[in-house]
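The values are calculated or read from the model by the stated rules, or taken from the named source; none is laboratory data. Keep in mind it's a predicted model, so treat the numbers as computed, not measured. All Cβ positions, glycine included, derive from the backbone under ideal geometry; neighbour counts span all protein chains shown.
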Amino acid sequence: MLATSLEARHVLVERTIAAHPDGTTDVTAPHFYAVSDRAAHLNVDLAEATALQSDRPVRAILTAPQRYLRSRAAALGEEYHQAGIRHLELRMSPFGGEDESLKKIVDGFQIAQDLTEAGLHVTLGYSGNLGQVAVALGHAAAYSVGVGMMEHVNHMTQVNRKSKPPKPLEDGESGGGPQAGVYLPALAYTAPLRVARRLMEQSDLRVRIGCRVGSCGTSVLGPVLDVRGHYLHSRDLEVATLMAKPAGWRPTAELQRLRQALTLRNQINSNYLEVGQPAIKTRTLDSLIVDIERVQAAS
């Protein structure tokens, strides 16, 4: 109905703009999961209509399966650019997490590169380590995460979760649902709270993975006591350090960060886990390191 009715699209765009609070700096255009050209073209049309009707800058969001985007990214980037869109958040689904193959990462980075080359400011959405490496390599201009969560994309899982009421918290109060993890920069890993606490309780690990910034400096268990505050200042410091370097130095800086994190993850998996405790996955870090080395060798 939306694809065939201009009036229906106009009403949707009006309602979307009106739903944004006054303090927002950008308007997010309405968008749908793009599994076909028809859905993708609808998204472009809605983004253009939002830009024409809004007095604030417009951010478009493209959420789509990677398999669809592999052959369509360049064309879609051109369509968004012709529609007057300059800021696009790309959310490939599924993408991210700690168990990604080299091929999937290379393909995902190429999709981001195709959209960037179309003249778009590309934010790699919900992407954690993959997003930071994509920025360092110049495939994307930015990346997004939640505060202690939303570091990978799985659209179907998100839809299924939203279709059900959140589970109550253990004490019976309302407000259950996904809980923020604890970001451990030395491991390049956002750990579940219980895992982070177990690691932080070991003194020889705490001095290597702990934090002394802000409120974390007042307690040896700071990161697990103020999970969101720690997440914000640790991510901010990491990205600021990366972006302060000349663009040509950023891949090497990321390579060093990931190698150190991989070494520490392997040490923890070998020496510090309790019997039956699952190992911290390393496949994504391995793949990112190989990809950076491949890019450096080619240049």
Yes or no: S270 under 18 Å from L205 (Cβ atoms), in a helix (DSSP H, G or I), free of Cβ contacts under 8 Å to residues at least 12 places away in the same chain and hydroxyl-bearing (S, T, Y)?
yes
Test set (1) touching a Leu at 6+ places or on another chain (Cβ under 9 Å); (2) at positive phi - G276 fails condition number
(1)
Take residues that are touching a residue at least 24 places away in the same chain (Cβ under 8 Å), closer than 30 Å to L273 by Cα and not small (G, A, S) and tell me which of the helices (runs of 4 or more DSSP H) falling wholly in the range 116-232 contain 3 or more.
128-137, 193-200, 203-209
Pairs returned, first residue in the range 1-12 that is assigned to a helix (DSSP H, G or I), second residue that is exposed (fewer than 12 other Cβ atoms within 10 Å of the Cβ), beta-carbon separation under 6 angstrom, 6 or more apart or interchain, are A8/M1
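State all residues of the range 71-87 that are touching a residue at least 60 places away in the same chain (Cβ under 8 Å) and assigned to a helix (DSSP H, G or I); if no residue qualifies, say none.
Keep residues of the range 71-87 that are touching a residue at least 60 places away in the same chain (Cβ under 8 Å), which gives 87.
Once the filter is applied, which keeps residues that are touching a residue at least 60 places away in the same chain (Cβ under 8 Å) and assigned to a helix (DSSP H, G or I), the range 71-87 yields nothing.
Among the listed residues A140, A64, A73, identify the single one that is under 24 Å from K245 (Cα atoms) and crowded, with 24+ Cβ neighbours inside 10 Å. Step through it out loud before you land on a result.
Details: A64 fails: under 24 Å from K245 (Cα atoms); A73 fails: under 24 Å from K245 (Cα atoms).
A140 is the lone residue from the list that is under 24 Å from K245 (Cα atoms) and crowded, with 24+ Cβ neighbours inside 10 Å.
Looking at the range 19-37, can you tell me whether even one residue there is of a type in the set (S, T, Y), part of a strand (DSSP E or B) and farther than 23 Å from K104 by Cβ?
Looking only at the range 19-37, we keep the residues that are of a type in the set (S, T, Y), and these are 24-25, 28, 33, 36.
Among the residues that remain, those that are also part of a strand (DSSP E or B) are: 28.
Next, from what is left, pick out any that are farther than 23 Å from K104 by Cβ: 28.
Among the residues of the range 19-37, at least one is of a type in the set (S, T, Y), part of a strand (DSSP E or B) and farther than 23 Å from K104 by Cβ, which makes the answer yes.
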Which residues, counting only those in the range 39-70, are part of a strand (DSSP E or B) and either under 19 Å from the mean Cα position of the chain (by Cα) or at pLDDT below 95 (or both)?
R59, A60, I61, L62, T63, A64, P65
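Going through the range 88-109 one residue at a time, which ones are touching a residue at least 24 places away in the same chain (Cβ under 8 Å), surrounded by fewer than 20 Cβ atoms within 10 Å (Cβ to Cβ) and more than 14 Å from Y33 (Cβ to Cβ)? So that I can check it myself, show each step before the final result.
Going through the range 88-109, the residues touching a residue at least 24 places away in the same chain (Cβ under 8 Å) turn out to be 88-102, 104-109.
Of the ones still in play, those that are also surrounded by fewer than 20 Cβ atoms within 10 Å (Cβ to Cβ) are 94, 97-99, 101-102, 104, 106-107.
Passing the criteria: G97, E98, D99, S101, L102, K104, V106, D107.
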Specify which of the listed residues (E201, E151, E238) is buried (at least 20 other Cβ atoms within 10 Å of the Cβ), among the charged types (D, E, K, R) and closer than 24 Å to I280 by Cα.
E151
Counted residues in the range 124-153 being out of contact with any Leu (no Cβ under 7 Å at 6 or more places or on another chain), among the β-branched types (V, I, T) and more than 20 Å from A261 (Cβ to Cβ) come to 1
Given R212, R257, R228, R283, which one is surrounded by 15 or more Cβ atoms within 10 Å (Cβ to Cβ), charged (D, E, K, R) and either over 19 Å from F109 (Cβ atoms) or in the same structural domain as A186 (by TED's automatic domain parsing) (or both)?
R257
In the range 241-250, what count of residues is obtained for those that are exposed (fewer than 15 other Cβ atoms within 10 Å of the Cβ) and assigned to a helix (DSSP H, G or I)?
5
